[in-house]
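The values are calculated or read from the model by the stated rules, or taken from the named source; none is laboratory data. In this text, all values refer to a predicted model and were calculated from it rather than measured experimentally. In this analysis, Cβ positions are derived from the backbone assuming ideal geometry, glycine residues included, and neighbour counts consider all displayed protein chains. Just the protein is used for accessible areas: all its heavy atoms, side chains included, with ligands, DNA and RNA removed. Shrake-Rupley method; radii C 1.70, N 1.55, O 1.52, S 1.80 Å.
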Amino acid sequence: MSGLKQELGLAQGVGLLSTSLLGTGVFAVPALGALVAGDTSLWAWPALILLVFPIAIVFAVLGRHFPSAGGVAHFVGMAFGPRLERVTGWLFLSVIPVGLPAALHIATGFSQALFGWHNEQLLLAELGTLGIIWWVGSRGASTSANLQTLVAALIVALIAVLWWAGNITFSSIPFPPVTRVDHSQLFAALSVMFWCFVGLEAFAHMASEFKQPERDFPRALMIGLLLSGAVYWACTVLVLHFHAFGADKAAAASLPSIVVTLFGVKALWVASVIGFLACFASLNIYIQSFARLVWTQAQYRPNSRLAQLSPRRIPLNALNMVLSCCMLSTLCIYALNINLEGLIIYANGIFIMIYLLCMLAGCRLLKGRFRVLAMFGGVLCLLLLAIVGLKSLYAIIMLAALWLFLPKRETVFTQ
């Protein structure tokens, strides 16, 4: 067990995971799914949950039996040894220069819609957001969990109010019969929607900070997964009901446009604030997870500053390093005017690779039906890599390069 403070309960865990999975996706992905699949997207969400469930169960079982701040890297290390553990850890950390600034830019984009900020104003908003994340992270995991539980409640409340104001009933939902489902549209929607369930690997790093990880971590993971799926499905119903999607409409503007339709332009600030908080929550859990991974990777040198905990038993030095890297990347991207959209796709390939490594570790560490689920999850991850296509080569090349060139260590102390 790690030296991190164990302070998370079940409700806090559900809040952490659900906001991690919702993040920016809750505003954009339902509209994208409706655009490519129409009414068929209503079937895509339950189908996707069924597909992701085996992967989630493997994460839950591994987290229950082997709770560690090292997350997937720890599972891989137990299954295949310390070298691949370090490679997996650094593979996950390689997302920092691209993934975090991109999410930060999306989060502060809501301030642009609300205040009309541009250029330097947005950059200052991004740096200010990093400052808030530092403050939240320096207070401990329970502070992050309480904040994100509140954000999850606000998202659910917003969707419920929109359903009520829009007079939506279950009888009015345009559920197409199963016999009329267009399978090509269904697969197209699934390929878009899968990214909503990237976040399990970040949540795995928080397992050792539960008061009762063996009981509450798997429960929080499964409840959070189902809650997020229900919210995404409810958002899709709204988007279809108000026809808030189209090639000429920005996907992220779908829910805000519904809010304006129902309550007027003065209510736009409500959607903008909740949108920012949803993005902030997802960004926060990733940064806190990266900090915990850096801390575990530094354990091979116990005297290193990164291997030390603060008096509150928080990896504060590791958090400072992650935030510094994110700040530097943000400044460089702004100075060089780099377009992040293409780079994000390459980062997604790394997430799938990490999921695949976790499933392979499950095949080695688990037994019985859980091993079968891990094998099924591994096959699914391979299919997803194939869907990404040539862009998945980035993740494969990065994995190979880390294996070949990462300095060898005789001993790794992962906690």
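Roughly how far apart, in whole Å, are the Cα centres of the stretch 200-271 and the stretch 359-407?
With the stretch 200-271 and the stretch 359-407 each reduced to a Cα centre, they are spaced 27 Å.
Restricting everything to alpha-carbon atoms, can you work out Rg to Rh for the chain with a Kirkwood hydrodynamic radius? Let's see the in-between values first.
Details: Rg = 20.6 Å, Rh = 21.6 Å.
Expressed as Rg/Rh, it is 0.95.
Counting only heavy atoms of the protein chains, get the accessible area per residue of the chain (1.4 Å probe) and round it to a whole Å² value. Provide the component values of the computation, followed by the final result.
Working: 17480 Å² over 415 residues.
About 42 Å² of surface per residue is accessible.
Compute the relative contact order of the chain as a whole-number percentage, counting only Cα pairs closer than 8 Å that sit 6 or more residues apart in sequence. Don't skip to the end; give the middle numbers.
Numbers: 630 pairs, mean separation 150.0, N = 415.
Relative contact order, the chain: 36 percent.
Return the distance in nm (one decimal) between the two label points of a simple spin-label model at residue 156 and residue 139, each offset 7 Å from Cα along Cα→Cβ.
About 2.1 nm, to one decimal.
First compute the accessible area of the stretch 45-182 with a 1.4 Å probe, then give the percent of it belonging to carbon and sulfur atoms. All intermediate terms of the calculation are to be shown ahead of the outcome.
Working: 3930 of 5620 Å².
On the stretch 45-182, the fraction of accessible area on carbon and sulfur atoms equals 70 percent.
Helix 120-139 versus the longest principal axis of the chain: what angle, 0 to 90°, nearest 10, using Cα atoms?
Between the helix axis and the principal axis of the chain, the angle is about 60 degrees.
Under a point spin-label approximation (7 Å from Cα along Cα-to-Cβ), what is the residue 270-residue 397 distance to one decimal in nm?
4.8 nm
Pop out the ³J(HN,Hα) list for the stretch 266-280 in order, Karplus 6.51 cos²θ - 1.76 cosθ + 1.60 with θ = phi - 60°, rounded to Hz; leave Gly and Pro as x.
Coupling constants for the stretch 266-280: 5, 8, 4, 4, 5, 5, 5, 5, 5, x, 4, 5, 5, 5, 4 Hz.
Grab the eigenvalues of the alpha-carbon gyration tensor for the stretch 233-378, scale each by 5, take roots, and send me the semi-axes largest first in whole angstrom.
Details: eigenvalues 263, 131, 55 Å².
Value: 36, 26, 17 Å, ordered largest first.
Non-local amide H neighbours of residue 8 (under 5 Å, H modeled in plane, Pro and chain starts lacking H): which ones?
Counting only residues 5 or more places away or on other chains, the set is 210, 211.
What do the square roots of 5 times the Cα gyration tensor eigenvalues come to for the stretch 275-324, in whole Å, largest first, as semi-axes of the equivalent ellipsoid?
Values: eigenvalues 114, 20, 12 Å².
Over the Cα atoms of the stretch 275-324, the ellipsoid semi-axes are 24, 10, 8 Å.
Apply the Karplus curve 6.51 cos²θ - 1.76 cosθ + 1.60, θ = phi - 60°, to the phi angles in the stretch 171-181 and return the couplings in whole Hz, x for Gly and Pro.
Each residue's phi maps through the Karplus curve to give 6, 8, 6, x, 6, x, x, 4, 5, 9, 6 Hz.
Mean residue ellipticity at 222 nm from the helices of the chain, using -39,500 (n - 2.57) per DSSP H segment of n ≥ 4 over the full residue count, to the nearest 500 deg cm²/dmol?
On the way: 17 runs with 301 residues, N = 415.
Value at 222 nm, helices only: -24500 deg cm²/dmol.
Which log10 I(q)/I(0) values, to two decimals, does the stretch 1-89 give at q = 0.14 Å⁻¹ under the Debye formula with one point per Cα?
Relative scattering, expressed as log10 I(q)/I(0), comes to -0.73.
Using 0.36 nm times the number of residues separating residue 328 and residue 212, minus their current alpha carbon distance, what extension gain do you get? Don't skip to the end; give the middle numbers.
On the way: separation 116, 0.36 × 116 = 41.76 nm, distance 3.73 nm.
Extending this stretch completely gives an extra 38.0 nm.
Fully extended, how many nm does the chain gain between residue 406 and residue 230 (0.36 nm per residue separation, minus their Cα-Cα distance)?
Details: separation 176, 0.36 × 176 = 63.36 nm, distance 4.18 nm.
In short, 59.2 nm is gained.
Between residue 183 and residue 7, what is the spin-label point distance in nm, taking each point 7 Å from the Cα along the Cα→C-beta axis?
For the pair residue 183/residue 7, the computed spacing is 5.2 nm.
Sorted by mean Cβ packing within 10 Å, highest first, what order do the peptides 364-372, 135-143 take?
On the way: 364-372: 14.0, 135-143: 17.7.
Sorting 364-372, 135-143 by mean packing, highest first, produces 135-143, 364-372.
Over the stretch 273-402, what is the relative contact order in percent, taking alpha-carbon pairs closer than 8 angstrom and at least six residues apart? Before the final figure, lay out each step's value.
On the way: 89 pairs, mean separation 22.3, N = 130.
Taking the mean separation of contacting Cα pairs over the length of the stretch 273-402, I get 17 percent.
Would you work out the relative contact order for the stretch 96-236, in percent, from Cα pairs under 8 angstrom that are 6 or more residues apart? Walk me through the numbers before you get to the answer.
On the way: 26 pairs, mean separation 24.4, N = 141.
In percent, rounded to a whole number, it is 17.
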